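The next block holds one structure in the form of structure tokens; read it before the comments.
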Amino acid sequence: MAKDGKAYLSSLHDDRTIYIDGRRVADVTTDRSFHSVVETAAGLYDYQAAPENLEQMTFQSPTSGERVNLAWLLPKTYGDLVRRRQAIEKWSALSCGMFGRSPDHVASTLAGFRMGLAAFRDYNPARAAALESYFQYARDNDLFLSYVIINPQSDKARSAGGQPDPHLVASVVDEDSTGITIRGAKMLATSGIMANELLVSGFQSLQAGDEAYAFTAVVPLGAKGLTLMSRRSYEQNATSQFDYPLSSRFDENDAVVHFDDVKIPWDRVFVFKDLKMAQAQWHDTRAHVFQNYQCIVRLSVKLKFLLGLARKIAEVNNIINYPQVRETLGLLAAKVSNIEALVIAMEIKGEMFQGFYVPDRSILCTAQVIAQTTYPEVVEAIRSLSGGGMIMVPSSYADFATPETNAIIHKTQRSTVATSEQRVKLMKLAWDAVGSEFGSRHLQYEMFYSGAPLVTRGNSFRFFDWDEVKGTVDQFMGSYGLPGSSPKLSDAAE
């Protein structure tokens, strides 16, 4: 047996506190702002639990004996890593890659922490034991976790502790024999409204004096004092699936999380008031690699979907044989294939880390840097190929039901390869992908979820093997000298 949609939906009835449009949400599984995306998440679990998908999507937990998602697998071989990636691709395909924070994302983060357990043990054996125990618990229950690791934006020139309000950013305000108490806010809890538990941590650098902000812990969404304030619901404002095929089903939501003296027991605290470990947990383990590896795999699926959309638009507009259009599509195909190739490369060039097989992090960083520019280029190409076609569509599906407007639709929405209905359907999909609030949010998301370009390019610099490339230059320079000297390339190689 594996966790299915029914079990997942049942787990969300925990009296969580979520606000949207000035009202408290009674039940996220039925609320008009969230019920469709929650059903989408339930569909992921139903997919993995289907008998024909069990082997491809799950494995047997070594502790519970139950089938759990492959995101929890700690790969020991190249084959394990590929099998795990294929499961991520299958889940991603169900949402066309639009579900950025599906359950396999934070599961990947925790897997990265767990593979780097030695770093936690060197830091504090008690905190390492808490992490090890929690990972087993989360895996055996196949939990859907979200996380908040970014601070609310205020004065970005100051550190967390330097803000005018010392409790703007979530921090530890008390501790006793049973646990810690945190107060303040974090963002952006993507998929938080439909998660089981929330990982609270930080990715931004901290300074001496910021120790209270240097913690990592996990808390259930129904915890007392924990409140999520949702952004606008794109799902709620989607008139129909025909008009908004993506917004209506895949709006994973984002929310600011406020902690009003939330108590967290010690067995759910992995880092406590330690500036060094707050950073080491990401890079001395392989958490940063595994969480972003999942992102790039999912993005590869999404880019292929958008590339297919671009091709269909060119066909419907009958511009597919224009040389400049073929050039555009050829360039996009190369860029999309490049992301896929980087996924394959980081797997093949993977390394053994603490007994586990993990992707090459230098190539991962390369993929992140390239992805931040590739996605906007694909979006811009879809806009150019569509022209005014995305704008001149009928106001809604209802126009097909009115004889007067239906006649106009069939007269004006024409294509040599598609019916009027098919053309409108395609253009509405294109608009939802790149022009609607949902589409605009995805552009912002793909450009910045890995961090600002300064961060991703800095990581690429940090993890690249500069000694190797400098060595090739030094080797060649050693093969020649001033006139009269006679070094050889073979001598320099030695």
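The values are calculated or read from the model by the stated rules, or taken from the named source; none is laboratory data. These numbers were taken from a predicted model, which means no experiment stands behind them. Positions of Cβ are backbone-derived with ideal geometry, glycine not excepted, and every protein chain shown enters the neighbour counts.
Does L307 qualify as being assigned to a helix (DSSP H, G or I) and in contact with a Ser or Thr (Cβ under 7 Å, 6 or more places away or on another chain)? When the stated conditions are applied, L307 does not pass them. Do we find a residue being more than 17 Å from the chain's Cα centre (by Cα), among the small types (G, A, S) and buried (at least 17 other Cβ atoms within 10 Å of the Cβ) anywhere in the range 281-291? No: the range 281-291 contains no residue that is more than 17 Å from the chain's Cα centre (by Cα), among the small types (G, A, S) and buried (at least 17 other Cβ atoms within 10 Å of the Cβ). Write out, first by first residue and then by second, each pair whose Cβ atoms fall under 8 Å of each other, whose residues are 6+ apart or on separate chains, and whose first residue, in the range 462-488, is under 25 Å from H283 (Cα atoms) while the second is at pLDDT 90 or above. Close Cβ pairs satisfying both conditions: R462/C365; F463/R361; F463/S362; F463/C365; F464/S362; F464/C365; D465/S362. Of everything listed in (1) among the aliphatic types (A, V, I, L, M); (2) buried (at least 22 other Cβ atoms within 10 Å of the Cβ); (3) touching a Lys or Arg at 6+ places or on another chain (Cβ under 6 Å), the single unmet condition for V173 is (2). Within the option set F250, F305, F242, being closer than 25 Å to M390 by Cβ, surrounded by fewer than 22 Cβ atoms within 10 Å (Cβ to Cβ) and out of contact with any Lys or Arg (no Cβ under 8 Å at 6 or more places or on another chain) holds for one residue only, F305. Here is a check on your reading of the model: is V316 surrounded by fewer than 24 Cβ atoms within 10 Å (Cβ to Cβ), at pLDDT 95 or above and over 30 Å from T29 (Cα atoms)? When the stated conditions are applied, V316 passes them.
Where strands (runs of 3 or more DSSP E) fall wholly inside the range 1-98, the ranges with 2 or more residues that are in the same structural domain as R232 (by TED's automatic domain parsing), out of contact with any Asp or Glu (no Cβ under 7 Å at 6 or more places or on another chain) and in contact (Cβ under 8 Å) with a residue 40 or more places away in the chain are 17-20. Taking the range 310-351 as the range and being without any contact (Cβ under 8 Å) to a residue 40 or more places away in the chain, farther than 13 Å from S384 by Cβ and either among the basic types (K, R) or part of a helix (DSSP H, G or I) (or both) as the test, the residues that pass are R311, P323, R326, G330, A333, A334, S337, N338, A341, I344, A345, K349. Would you confirm whether or not the range 232-250 contains a residue that is farther than 26 Å from G112 by Cβ, assigned by TED's automatic domain parsing to the domain that holds V28 and modelled with pLDDT under 95? Taking every residue of the range 232-250 in turn, at least one turns out to be farther than 26 Å from G112 by Cβ, assigned by TED's automatic domain parsing to the domain that holds V28 and modelled with pLDDT under 95. In summary, P103 fulfils each of the numbered conditions (1) surrounded by fewer than 24 Cβ atoms within 10 Å (Cβ to Cβ); (2) closer than 18 Å to G43 by Cα with the single exception of condition (1). I'm trying to understand the selection: among the residues of the range 99-111, which are part of a helix (DSSP H, G or I), touching a residue at least 60 places away in the same chain (Cβ under 8 Å) and not β-branched (V, I, T)? P103, D104, H105, S108, L110, A111 - these are the residues of the range 99-111 that are part of a helix (DSSP H, G or I), touching a residue at least 60 places away in the same chain (Cβ under 8 Å) and not β-branched (V, I, T).
When each of R114, R183, R127 is tested for being outside the structural domain of L429 (by TED's automatic domain parsing), under 30 Å from Y445 (Cα atoms) and assigned to a helix (DSSP H, G or I), the lone residue that passes is R114. Just one of the listed residues (P403, P359) is at pLDDT 95 or above and surrounded by 21 or more Cβ atoms within 10 Å (Cβ to Cβ), namely P359. Strands (runs of 3 or more DSSP E) fully within the range 187-279 that include at least 2 residues being closer than 21 Å to Q153 by Cα: 197-200, 215-220, 226-230, 255-265.
Assess whether G179 counts as being more than 23 Å from D251 (Cα to Cα) and either touching a Lys or Arg at 6+ places or on another chain (Cβ under 6 Å) or surrounded by fewer than 23 Cβ atoms within 10 Å (Cβ to Cβ) (or both). Judged against the criteria, G179 is a match. Applying the selection to the range 142-171, what residues are touching a helix residue (DSSP H, G or I) at 6+ places or on another chain (Cβ under 7 Å) and assigned to a strand (DSSP E or B)? L145, S146, Y147, V169, S171, listed by residue number.
Which residue is farthest from D432 (Cα to Cα), if the candidates are limited to the range 362-385 and must be in contact with a Phe, Trp or Tyr (Cβ under 9 Å, 6 or more places away or on another chain), modelled with pLDDT of 95 or more and among the polar types (S, T, N, Q)? Once the filter is applied, the top-ranked residue is S362. Scanning the range 164-214 for residues that are out of contact with any Gly (no Cβ under 6 Å at 6 or more places or on another chain) and among the hydroxyl-bearing types (S, T, Y) yields S177, T178, T181, T190, S191, S201, S205, Y213.
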